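Novice: Got a structure for you, questions after.
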Amino acid sequence: MRWCAWSWATGDGRLRLAVRRRIESAAQEQQLWVSAITPWEIGMLVAKGRLVLGRDVMDWLQAALSLPGIRVAPLEPALAVASHACLESCTAIQLTV
């Protein structure tokens, strides 16, 4: 749902009507959450040339995050530490951004 919400936020018309309605409903209820790590992911995709935004990534992020209904979910320290420990112990996990 994360990329669907970003597509909605940027006015992408390719989303199905049912998906758009669900996102709009969440936005009206101030419940359209974006993970705190998502801006980093977007920045990495832009830096690697895998995502083209058409303008500066910070300008794009600020505009997208300031839309009505969008909230950034906090990244809890315990979760951040736990994910790091998991990555060290799980050799099968590969991060591809």
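Novice: Apply 1/(1 + (r/R0)^6) to the Cβ-Cβ distance of LEU51 and LEU17, taking R0 = 30 Å, and write down the FRET efficiency to the nearest 0.05. Don't skip to the answer; put the middle values down first.
Specialist: On the way: r = 25 Å, r/R0 = 0.84.
Efficiency computed from Cβ-Cβ geometry: 0.75.
Novice: Then there is this: With label points built 7 Å along Cα→Cβ from the Cα atoms of MET44 and LEU75, find their separation and express it in nm.
Specialist: In this crude label model, MET44 to LEU75 measures out at 0.9 nm.
Novice: Scan around SER35 for amide H atoms under 5 Å from its own, H built in the peptide plane at 1.01 Å from N, and keep only partners 5 or more places away or cross-chain.
Specialist: Residues meeting the amide H criterion: ALA73.
Only the coordinates and a few stated rules stand behind these numbers; no lab work does. Because the structure is predicted, anything quoted here is derived from the model rather than measured. Every residue, glycine as well, gets a Cβ built from its backbone with ideal geometry; the counts of neighbours run over all protein chains shown.
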